[in-house]
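Engineer: This is the structure, below, for whatever I ask next.
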Amino acid sequence: MGGTKSVNLKKIRELAPTHVIVNVDENKRETAEALAGFVPNLIVTHPLAPLDNLALYRQIGTAFGKEREAEALCTSFELAFREIENRKFPQRKVLYLIWKDPWMTVSRDTYVSRTLGLFGLHTVPEETQERYPELATLDVPGTGLVLLSSEPYRFREKHRAELQAVLRKPVHLIDGEMTSWYGSRAIRGLRYLSDYADSL
């Protein structure tokens, strides 16, 4: 159907779906408005924090008549969340990179940043006008360590090694799916990040 920013409306129209799920961060507003013109049920999602997954599960469950399954996901998520909410994680400031050429990071007004914050990993810069700002330099004040996400840009060990050679701070790879994929993946993400924070 094309990429999230280049949705092929013609193909979607030909499929005549009864439901389409869009996301405020991932899909363009004009795409959603066009879909609303011929899709009976347009489901708009915009989770901004881990606990927003509970409303998301119920929203999707209601839309597809799967309320019982949605409540089962809520129970699993709440169990995973309780396991980490009372833990004491070291407080660290991290530069979380999601793109290269140009370098891009996340603002604190994002699902990624709020998820990391549960584990004492607070993203820098602390204030920015954009949700996914470009960086002119990686020398961001306050940075304690740098995290290279596996998505949307697929940072690999060679990138980590290159940056580690020039930056005067630790550089680590991190599974971006575990930090940014809300929905059912978030349950596993909480446990992954708990172990990840312990390993730093």
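Engineer: What distance in nm lies between label points placed 7 Å from Cα along the C-beta direction at Glu83 and Ala16?
Structural biologist: 4.5 nm
Engineer: So, one more: By a straight-distance test (C-alpha under 24 Å), which lysines pair with Lys100 as possible cross-link partners, with residues fewer than eight away in the same chain excluded?
Structural biologist: Lys5, Lys28, Lys158, Lys169
Engineer: Considering only Gly37, Gly189, Gly142, give the residue with the highest GNM mean-square fluctuation for the chain, with springs between Cα atoms whenever their separation is below 10 Å.
Structural biologist: It is Gly37.
Engineer: Let me ask something else. Using +1 at the Cβ of each Lys and Arg and -1 at the Cβ of each Asp and Glu in region 57-175, identify which of Thr110, Ile60, Leu163 lies farthest towards the dipole's positive end.
Structural biologist: Checked the options; the winner is Leu163.
Engineer: If I require 27 Å or longer along the helix axis, counting alpha carbons, and a Kyte-Doolittle average no lower than 1.0, what helices from the chain are left? Use full DSSP H segments.
Structural biologist: Sorted by number, there is nothing, because no helix extends far enough and scores high enough.
Engineer: Using 1/(1 + (r/R0)^6) with R0 = 22 angstrom and r between the beta carbons of Asp25 and Ala72, what's the FRET efficiency to the nearest 0.05? Walk me through the intermediate numbers first.
Structural biologist: Values: r = 26 Å, r/R0 = 1.20.
Computed FRET efficiency for Asp25 and Ala72: 0.25.
Engineer: For a Förster distance of 22 Å, can you work out the FRET efficiency between the beta-carbons of Glu157 and Arg92, rounded to the nearest 0.05? Mind showing how you got there, number by number?
Structural biologist: Working: r = 22 Å, r/R0 = 0.99.
With R0 = 22 Å, the Cβ-Cβ based efficiency is 0.50.
Engineer: Say we join alpha carbon atoms closer than 10 Å with springs in a Gaussian network model of the chain; which of Glu71, Glu30, Glu162 then has the biggest fluctuation?
Structural biologist: Per the Cα network of the chain with a 10 Å cutoff, Glu30 tops the list.
Engineer: Would you calculate, for the chain, the mean residue ellipticity at 222 nm contributed by helices, counting each DSSP H stretch of 4 or more residues as -39,500 (n - 2.57) and dividing by all residues, to the nearest 500? Intermediate values should be presented prior to the final figure.
Structural biologist: Numbers: 8 runs with 83 residues, N = 200.
Mean residue ellipticity at 222 nm (helix-derived): -12500 deg cm²/dmol.
Engineer: Give me the net charge of Met1's neighbourhood, meaning all other residues with Cβ under 15 Å from the Cβ of Met1; Lys, Arg count +1, Asp, Glu -1. Before the final figure, lay out each step's value.
Structural biologist: Details: positive: Lys5, Lys10, Lys11, Arg13, Lys28; negative: Glu14, Glu26.
With Lys, Arg at +1 and Asp, Glu at -1, the net is +3.
Engineer: Once the mean 1/r over all distinct Cα pairs of region 60-200 is inverted, what Kirkwood radius in angstroms do you read off?
Structural biologist: Details: mean 1/r = 0.0625 Å⁻¹.
Computed over region 60-200, the radius equals 16.0 Å.
Engineer: Could you name the aspartates and glutamates in cross-link range of Lys66, using Cα to Cα under 12 Å and dropping any fewer than eight places away on the same chain?
Structural biologist: none
Engineer: Still on this structure, please answer the following. Treating only the Cβ of Lys, Arg, Asp and Glu as charged (+1, +1, -1, -1), what charge dipole size does the chain show about its Cα centre? Round to the nearest 20 debye.
Structural biologist: Numbers: 27 positive and 26 negative charges, 57 e Å.
For the chain, the charge dipole is close to 280 debye.
Engineer: Sticking with this one: Please work out how much length the chain gains when fully extended from Ser184 to Ala49, using 0.36 nm per residue of separation minus the C-alpha to C-alpha distance, in nm with one decimal.
Structural biologist: Working: separation 135, 0.36 × 135 = 48.60 nm, distance 1.40 nm.
Extra length available between Ser184 and Ala49 comes to 47.2 nm.
Engineer: Tally Lys/Arg at +1 and Asp/Glu at -1 over every other residue whose Cβ is under 13 Å from the Cβ of Thr128; what's the total? List each step's numbers first, then the result.
Structural biologist: Working: positive: Arg108, Arg131; negative: Asp109, Glu126, Glu127, Glu130, Glu134.
Charge balance near Thr128 sits at -3.
Engineer: Between beta-carbons, use under 13 Å as the cut-off and find the net charge around Ala72, counting Lys and Arg +1, Asp and Glu -1.
Structural biologist: Working: positive: Arg58, Lys66, Arg68; negative: Glu67, Glu69, Glu71, Glu78.
Here the count lands on -1.
Engineer: Modelling each spin label as a point 7 Å along the Cα-to-Cβ direction, I'd like the Tyr192/Lys5 distance in nm, to one decimal.
Structural biologist: With each label point 7 Å from Cα toward Cβ, the separation is 2.3 nm.
Engineer: Label Glu130 and Leu167 with points 7 Å out from Cα along Cα→Cβ: what is the distance between them in nm?
Structural biologist: Result: 1.8 nm between the two label points.
Engineer: Something else: Taking Cα atoms of region 2-85, Rg/Rh with Kirkwood Rh, to two decimals?
Structural biologist: On the way: Rg = 15.1 Å, Rh = 14.3 Å.
In region 2-85, Rg relative to Rh is 1.06.
No value in this document is a laboratory result; all are computed from the given coordinates. These figures come from a predicted structure and were not determined experimentally. All Cβ positions, even for glycine, are placed from backbone atoms using ideal geometry, and neighbour counts span all protein chains on display.
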